[in-house]
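Structure first, then comments.
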Amino acid sequence: MLAPHRIVPDLPALTDEESDALAPIYLDVLHRLDGLFGVPMPYISAWHQAPLRTGRDLSHLYLQLFSIRRAPDKLKYLAGSESAMGVFINDIAPERAAAMLRAAA
C-alpha cells in the first residue's frame, strides 16, 4: 500500500508538491516489484478515494498494489473463496513483503 503522509480524500486534494512526488515514488515501487524476482512483475493497481458527494470523511486516498507472482516461476491463482468473497489470502506477512521490497531497491 502507498498513501500520503497526511489524510486526504482523493488525488485532487494533494498539494502540488505531493502530486509532483507521486509519480517518482509510484515508479520506484513498480521497479522494486520487478526487482523482487528478476523478472517483470504482473500487478494489479487500485486507487482508493473518498466518495465525491457524501461521506468524504469516511475514506481517504491510498494505493493498493498486489501481484499474482509468488516466486520467479510461480503464479498464484485465486482460490474459490478469494474469487467468490473478494477476500485475498496473503502468502507472507506484510512486514516480510515490505522488507523484500526495501531490499529490491
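The values are calculated or read from the model by the stated rules, or taken from the named source; none is laboratory data. Keep in mind that this is a model prediction, so the values were computed, not measured. No Cβ is skipped: glycine too gets one built from the backbone with ideal geometry, and neighbour counts run over all protein chains shown. These accessible areas exclude ligands, DNA and RNA; they are computed on the full protein's heavy atoms, side chains included. Shrake-Rupley method; radii C 1.70, N 1.55, O 1.52, S 1.80 Å.
For region 16-41, filtered to residues that are surrounded by 11 or more Cβ atoms within 10 Å (Cβ to Cβ) and part of a loop (DSSP other than H, G, I, E, B), the residue that is nearest to the chain's Cα centre (by Cα) is M41.
In the set (1) surrounded by 12 or more Cβ atoms within 10 Å (Cβ to Cβ); (2) closer than 30 Å to L58 by Cβ, H5 fails one condition alone, (1). Here is the figure for region 58-97: residues that are touching a residue at least 24 places away in the same chain (Cβ under 8 Å) and either among the polar types (S, T, N, Q) or open to solvent by 90 Å² or more (accessible area, probe 1.4 Å) (or both) total 3. Taking the listed residues A50, A13, the one that is at pLDDT 90 or above, among the hydrophobic types (A, V, I, L, M, F, W, C), touching a Lys or Arg at 6+ places or on another chain (Cβ under 6 Å) and surrounded by 14 or more Cβ atoms within 10 Å (Cβ to Cβ) is A50, with no other qualifying.
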